[in-house]
Each structure stands twice: as structure tokens, then as C-alpha cells.
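Reviewing the structure listed below.
Rule-based calculations on the coordinates, nothing more; no lab input. Small disclaimer: the values here were computed from a predicted structure and weren't measured. As a convention, Cβ positions derive from the backbone with ideal geometry for all residues, glycine included, and neighbour counts pool all protein chains shown.
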Amino acid sequence: MRRGILDVLRERVVVADGAMGSLLFERGVDSSSCYDALNLTDPALVRSIHQAYAAAGAEVLETNTFGANRAKLGRFDLGHRVREINLRGAELAQAEAGEDRWVAGAMGPLGRLGEETAAPGETEEIFAEQARALVEGGVDFIMLETFASLTLLLSALRGVKGAVSVPVAAQMVFTQRGRTHSGRSARECFEALVAAGADIVGLNCGIGPKNSLEVVRALGPVPVPLSVLPNAGFPEAAGDRLMYASSPEYFARQTAACAVHGARLLGGCCGTGPEHIAALVKALGSALPEVRIEAPSAEERTAGTAVPTRLARRLQEGKVVLVELDPPKHLDTEPVLRAAEALAAAGVDAITIAENPLAVPRLSNITLAGMVRARTGADVVVHLTGRDRNLVGMQSTIMGLAASNLHNVLAVTGDPPSAGSAERVSGVYDLRSMELISLLAGFNRGRNHYGDDMRLPVNFCIGAAFNPNTRNMALQVGRMEKKIAAGATHFLTQPVYSRSRVDEILAATAHVKAPIVLGIMPLASHRNAEFLHNEFPGIEIPLEARERMARAGDAGQREGIEIAWELLEYAWPHFAGVYIIPPFNRYQMALELMRRLGL
């Protein structure tokens with residue numbers, strides 16, 4: 001009985017097969033026909049391709065089911081035969097795999113980029129339906145491949161993981177620049193996919209072996225096995241055919257080099273055939289089972305620390321929109337996750353997640369951050385307070401953030417517990433914001449508080465708070481300068497409610513180079529305005545705004561949005577972005593402000 005694919009990938013490189021569609025075309029199948037239906041109408045042809053790849057040395061055979069989902073088969077009036085086509089596709093590959101090879105159930109997207117029109121729930125069920133049929137047919141793992149959209153791939157991954165228990169590989173298409181068409185980097189995509197439960201992540205199609213090698217070189221360590229299945233270069237049209245220029249030897253040399261930089265599952269995509277796979281096996285050498293992945297060198301680790309997060313790049317390149325969500329005080333996370341989905345769909349740059357504001361216990365914001373990223377693929381910012389952890393616990397938490405690839409952090413001291421509480425609640429405060437920033441910066445240099453080597457790189461994007469609602473603005477600016485010296489890279493302000501305060505901030509921080517993101521908290525009602533002004537630390541609401549909220553009565557939320565928009569419109573050109581804090585997680589208020597900004 002063969003071992004599980006994940007166990008073997010942890011030990012050595014495994015070679016997958018190459019393209020199916022281009023070989024079917026070469027063997028006379030019309031490009032307008034349904035290739036997946038050949039599992040039923042011409043099984044001998046499909047099986048002959050599996051035989052050719054097995055003879056070339058492929059250890060993984062992919063089923064001829066790339067488009068065998070309900071949406072794609074429906075275009076050929078075959079939507080009712082999903083189970084039959086996938087089941088037969090798995091059986092044909094299994095017949096050639098025998099006991100010595102693995103079978104991967106190939107699953108592609110629902111259509112071309114931009115054509116996926118199914119609702120999220122329906123999308124997940126479409127992928128789940130196909131996965132169940134493939135597993136019933138005996139595949140060893142599922143290969144989600146050729147996805148240009150991270151959002152769609154995350155949806156497919158949720159559907160498959162919820163339906164079957166076999167391992168799942170999740171593969172993206174990247175451009176020559178190593179990014180998706182929407183601008184996401186490979187690392188960003190892989191972090192989101194790993195957080196969502198992918199057992200293998202990787203890239204296929206889209207680019208040739210040289211660009212694939214460049215993507216892998218720049219990637220750094222990945223916590224799960226990495227797959228690389230490039231095209232045979234870029235195609236050239238020749239009549240009805242697409243011709244690929246890469247010779248098998250060139251393809252093999254470039255693809256095999258990916259193993260040195262961490263790839264474990266190597267194979268081919270469009271334009272590759274059995275000759276490319278045979279050359280790849282040869283390039284990897286006769287000692288193929290002994291090809292192992294080396295740990296990154298000290299130089300690579302040092303270089304890795306400089307890789308910025310997506311949020312860090314956005315702060316330097318353009319304006320950002322951040323929206324805060326509070327974790328619930330209970331265990332029902334669905335409302336806040338739905339809010340995160342809506343914000344991500346609207347184009348938010350990052351969702352910030354507070355940690356026990358006002359020292360009231362809530363769901364772990366770190367746990368929720370991982371759930372939000374897994375559900376939406378959006379960037380998250382974790383608030384980290386010095387109030388609740390001693391120095392040992394804080395370092396453990398920081399290592400956990402790094403290991404979870406949660407690298408955007410807002411370092412704050414934290415609201416103190418109520419002094420008159422009958423409960424035995426006290427703040428720890430081993431580290432206040434300044435010391436916490438220094439500790440995070442030390443981890444970016446590869447060392448903990450004691451100077452111990454952390455071995456793997458981290459790249460925390462360290463945000464800090466700035467309170468402009470003070471009579472001594474110079475004091476707060478001085479603290480800002482000290483935080484920059486400690487390692488803070490940008491600042492989020494406390495909510496501001498007047499143009500005069502905006503002007504004061506701009507005048508006092510004109511010399512500060514670090515990006516400053518202005519805090520905006522829309523008012524929900526007159527009662528909310530009075531509470532924030534009189535009882536919430538660090539917030540001051542002008543009398544005029546409170547009077548407007550009082551006159552608004554039941555239309556208070558609409559008036560609160562108007563007040564927030566007037567200030568946002570005035571301040572937007574002068575700051576690095578806006579940090580929207582919707583009261584009571586009323587994310588629709590943030591969505592309206594984002595809409596008015598043109599997002």
C-alpha cells in the first residue's frame with residue numbers, strides 16, 4: 001500500500017505529469033468539444049495519455065476532469081453527469097497508477113476570469129459535488145489548479161475541505177511579475193490558502209519555467225509542501241494551434257532548480273508532454289528520492305526580513321482604507337465574519353481587529369484574524385496590547401503571530417481595567433507600547449528579548465497609535481518620534497471629529513515622514529455621541545457635532561455618516577489614508593464611506 005502523498009512530500013521531491021488538454025488536441029480532439037466527456041466517450045484515448053506520462057516517470061497522474069464541474073459541463077448540456085464523468089476520470093487514472101503512483105483529482109475554476117457568477121454558497125457546493133465524485137472514484141488528493149482569483153480559490157477550497165477528507169492542493173496563476181492580475185503576491189496568496197486549510201500550495205499555468213523559478217526564489221519558506229507546474233514557456237499561435245518554444249531540456253533544467261528553493265511537487269502544465277516530464281526526471285537525477293529541501297541560509301534569512309507586507313507596501317505607494325471590527329463577547333463569529341466578507345468585497349486594504357477594548361473580555365483577536373483572512377483573503381491588522389501578557393507570554397504570542405503569517409500589528413498599551421471592579425482584574429503592563437514596538441522590531445532583526453536567534457525571518461509591519469485629542473500636542477508628537485525610533489513604521493490616530501483638529505495634526509506632524517492614517521468613528525446616535533465624548537478615553541467630540549446628533553433624533557446614524565463624510569472629504573488629501581471605526585460593528589456605515597470615496 002502506497003504511503004500518503006503528504007508524508008512523502010515532507011521527505012523528497014515528487015514528479016507530477018504534464019498537460020492533458022494540449023495532448024488531446026494533438027491527438028485530434030476538436031478544441032470546441034468537451035474534453036472531460038472523453039472519459040465516457042473515448043476512455044482509451046484518455047488512458048493512453050496516462051500511460052505515456054507513467055512511462056515517462058511521472059509519480060502523480062492527474063485525472064481528465066479539469067472542467068468537470070456543474071457550471072462548465074452545463075454549457076455542453078452535461079451538468080447532470082458530473083458524478084459519472086468524474087468517477088470515470090478517477091478510475092481511468094487509477095488503472096494506470098497502480099500501487100506505485102498517486103492520482104490527483106484535477107479541478108479547475110468555473111470559467112474564465114470574471115465569468116464566475118455563482119453565489120458563494122452555490123460555488124462551494126459546485127466544487128464539493130465534484131470533489132465527492134473524484135474521491136468516490138479513488139483519487140489520493142485533490143488538485144485545485146489554474147485559479148487566477150484568490151477569492152474563487154478560497155471558496156473552492158472551503159467547498160472541497162468541507163466535503164472530503166483527502167489532502168487538497170491549491171494552485172494559483174501568476175503573471176510574469178509574480179503576482180495575480182489583481183496585484184496579490186504569491187506569498188500573500190499562499191498565506192491565505194494555508195490559513196484556509198490548504199495542504200499543498202503552488203503555482204501552475206500562466207508563466208513558463210524561468211518566471212516560475214523567479215517566483216519561488218523570492219518566496220521564502222512556506223509551511224506546507226510547495227508545487228510548481230509551469231507552462232512550457234509562452235505560446236505562439238500557429239493556425240489553430242498554440243506552439244510552445246521551450247525544449248524539454250530547458251524546461252526540465254529550470255523547473256528542477258525550483259527544488260533547491262523549496263518546491264516539493266514538480267510537473268508541467270500547458271505545452272508540456274511526456275518528453276518534458278522524462279527530461280525533468282532525468283534533470284533531478286537518478287537519486288530522485290534523496291533530493292531534499294535545504295533550510296534557508298543565513299543570507300536568505302536576513303534578506304527575508306526585509307520583505308514588506310502588502311499593507312506596508314500600500315502605505316508607501318498610495319492611500320489606504322482600514323476598517324476596524326471588534327471580536328464578539330461570545331462564540332458566535334458568523335456576524336463579524338459576514339461583515340469582514342462585505343468589507344473585503346468592497347476593497348478594504350486591511351481589517352483591523354481590536355484586542356479586548358475597554359478591558360472587556362472578547363474572543364481572541366488573533367484567532368479571529370486568522371478566521372477573517374481564511375474566509376476573505378483580506379489583510380488583517382492584529383491589535384496587540386501590553387495590558388494582558390507578561391514578557392514571556394508576549395514573546396510567545398509574537399512567535400505565534402509570525403508562525404501564522406499575521407505580520408500586521410498595531411502595538412498599543414491597552415485600556416486599563418476598571419479600578420472599582422469587584423473582580424480581581426489587573427493589568428500586567430510588563431511592556432507598554434514603546435517597549436512592545438521595540439520587541440517587535442527585535443523580532444524583525446531575528447532576535448527575541450533575550451537575543452536568541454529565531455531562525456526564520458519575520459516581517460512585522462509595526463503600527464502605533466497617535467492621540468491628537470490632547471491639550472499638549474507637542475507631547476504626543478514627541479512620543480510619536482520615540483515610537484519611530486523604536487521601530488514603528490506608521491500611525492493610526494484616535495478618532496477625530498473637527499477640521500480644526502485635523503489642521504492641528506497636520507501642522508504638528510509636518511516634519512514626520514512616517515505615514516499617518518486618520519481615525520474616523522461615525523456616530524450612531526446622540527446617546528452614542530455623548531457617551532464617547534464624556535466617557536471614552538482619548539475621544540473629544542465638538543459641541544456642534546453633538547447638537548447635530550441631538551437634532552437628528554431617529555435619523556442619528558444617517559447624520560453620523562454625514563458628519564464623518566464631511567471630515568473625511570476634507571482630510572483625505574492630506575493623510576496616508578483613513579482608519580474607519582464603525583460603532584457596534586455597524587460595518588454598513590464603513591461601506592457607505594468607502595462608497596463615497598469611490599471604492
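Taking amide H positions as placed 1.01 Å from N in the peptide plane, with prolines and chain starts having none, which residues 5 or more places from I580, or on another chain, fall under 5 Å of its amide H? Those qualifying (amide H under 5 Å, at least 5 residues apart or on another chain) are L322, V323, E324, I520. Rounded, prolate or oblate, given the Cα gyration tensor of segment 326-462, with a/c below 1.5 counting as rounded? Verdict is oblate for segment 326-462.
Normalising the Debye intensity of the chain to I(0), with uniform scatterers on Cα atoms only, and taking log10 at q = 0.07 Å⁻¹ returns -0.49. Relative contact order for the chain: 10 percent, from Cα pairs under 8 Å spaced at least 6 residues apart, divided by residue count.
Peptides 444-451, 488-495, 32-39 ranked from most to least packed give 488-495, 32-39, 444-451, packing being the mean of other C-beta atoms within 10 angstrom over each peptide's residues. Residues whose amide H lies under 5 Å from that of V381, counting only those 5 or more places away or on a different chain, are I351, T352, I353; hydrogens are built 1.01 Å from N in the peptide plane.
Taking the convex hull of the alpha carbon positions in segment 477-579 and averaging its projected area over all directions gives 6.5 nm².
Of the chain, which part is the longest with no GluC sites (Glu not before Pro) in a loop (DSSP not H, G, I, E, B) and with at most 10 other C-beta atoms within 10 angstrom? So the longest stretch without any such site is 116-293. Shown in residue order for segment 57-64 are the 3J(HN,Hα) couplings computed by the Karplus curve 6.51 cos²θ - 1.76 cosθ + 1.60 at θ = phi - 60°: x, 5, 9, 10, 10, 8, 5, 7 Hz (x for Gly and Pro). Entry for segment 65-113 at q = 0.18, 0.23, 0.24, 0.25 Å⁻¹: log10 I(q)/I(0) = -0.58, -0.80, -0.84, -0.88, Debye formula applied to identical alpha-carbon scatterers, no solvent contribution.
3J(HN,Hα) along segment 387-395: 5, 9, 9, 7, 4, 5, x, 5, 5 Hz, from the Karplus curve 6.51 cos²θ - 1.76 cosθ + 1.60 with θ = phi - 60°, whole Hz, x for Gly and Pro. What is the projected area of the convex hull of the Cα atoms of segment 5-292, averaged over all directions, in nm²? If I average the Cα hull's projected area over directions, I get 13.2 nm².
Explain nothing, just the number: relative contact order of segment 5-292, from Cα pairs under 8 Å at least 6 residues apart, as a whole percent.
For segment 5-292, the relative contact order is 20 percent.
Other residues within the sphere of radius under 15 Å centred on the Cβ of N405, judged by their own Cβ, net out at +1 (K and R +1, D and E -1). Among bridges DSSP assigns within segment 5-292, what percent are antiparallel (round to 5)? Counting only bridges with both partners in segment 5-292, antiparallel ones make up about 15 percent.
Rounded to the nearest 500, the helix-only mean residue ellipticity at 222 nm of the chain stands at -13000 deg cm²/dmol, with each DSSP H run of n ≥ 4 adding -39,500 (n - 2.57). The string of couplings for segment 95-102 from the Karplus curve (6.51, -1.76, 1.60, θ = phi - 60°) is 4, 8, 6, x, 9, 9, 10, 9 Hz, one whole number per residue in order, with x for Gly and Pro. Each Lys and Arg Cβ is given +1 and each Asp and Glu Cβ -1; about its Cα centre, the chain then shows a dipole of about 1100 debye.
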